[in-house]
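First the structure, in the form of structure tokens, and then the observations on it.
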Amino acid sequence: MHQASGKSLTGFILALTTAVLWGMLPIALKVVLTELSANTITWVRFLVAAIFVVLVLWKQQNLPKLGKLKGKARTLMLIAVAGLLSNYILYLMGLNLLTAETAQVVIQLAPFLMMLGGIFIFREHLLLWQKIGAATLVAGLLLFFNDRLLLLVTQLGQDSFGILLVIIAAFTWAAYALAQKQLLMHFNSQQIMAFIYVAGALCFLPVIDITPVFELSLLHWALLLFCCLNTIVAYGAFAEALEHWEASKVSAVLAITPLLTILFANLAAWLWPGAPEPEALNLLAVLGAVLVVFGSAVTALAPVLKQWRQDRAAA
């Protein structure tokens, strides 16, 4: 299994960078979705990222060797590619039906599922605090949807379908993240992302509508560029964070992403009248969002806290 380098501060900064960028991303995507289809946005993001990463690796004379892509590495790469490509398109389709805040709270299931995958795949034990964290996360989700829960359960409307898409996107992201972690034994993080970005650009090419791209306003071009750069920097930082820090700690930092989205959505609406209206959250919904963050963080950090207590007892 891959072992982290132990550079904790570097891992924390990289994970926090990812959380901030992912917190901003759904707000920008909501605006771009008014002009472009989910398939087209996804293709543009993968294409730009693929060109950038391949050029960087080519300049470094560090392009991945296809000969190494065999056996277990090939299987893991297929899982990573399928997982992240599915995550991108399903999340965008769900986001198109939901507010940015709702989509980001629901997608918070992703790092939680990544942690559960580590437990079931790598035979880690589910600790007491992980059970408490899981229960807290579920309770937080129920509180977040307190005023819509009955409608979501009894009527398959736009919100229900959007939430279902984002939940599936969370599962596919967890599959990608677990595969990515093990692929670090065969390729470095940039090489892995190069494979994924190139595959994404090729897979989405047949289903795009390119004409609206050339009709975008300056604002929409700027937001599309931000989404593309977000892809490169956020996933690059995430991959590097896994290189230096344990997956549980990375997941704990990523847990704050929904709160950042809520903050950025309100900030954007205050600074820019044309921004999507932030969701009006009641007190229970805000409490629910906080519990989702807390539950995800506790679940992810439980093994680290256990190890710290054992080391302290042995000292």
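Before we move on, is PHE214 of a type in the set (Phe, Trp, Tyr) and within 21 Å of the chain's Cα centre (by Cα)?
No; evaluated as a whole, the condition is false for this residue.
Among the candidates PRO273, PRO303, which residue alone is more than 26 Å from SER86 (Cβ to Cβ), at pLDDT below 90 and in a loop (DSSP other than H, G, I, E, B)?
On the way: PRO303 fails: in a loop (DSSP other than H, G, I, E, B).
The match here is PRO273.
Which of (1) of a type in the set (Phe, Trp, Tyr); (2) in contact with a helix residue (DSSP H, G or I) (Cβ under 7 Å, 6 or more places away or on another chain); (3) modelled with pLDDT under 90 is the odd one out, the single condition PHE120 does not satisfy?
Failing condition for PHE120: (2).
Search segment 30-56 for residues being charged (D, E, K, R) and more than 15 Å from VAL233 (Cα to Cα), and hand back the single one that is surrounded by the most Cβ atoms within 10 Å (Cβ to Cβ).
Residue satisfying both the conditions and the ranking: LYS30.
The values are calculated or read from the model by the stated rules, or taken from the named source; none is laboratory data. It should be emphasised that the depicted structure is a prediction, and the values quoted were computed from it without experimental measurement. Ideal geometry is used to build each Cβ from the backbone, glycine not excepted, and the neighbour counts take in all protein chains shown.
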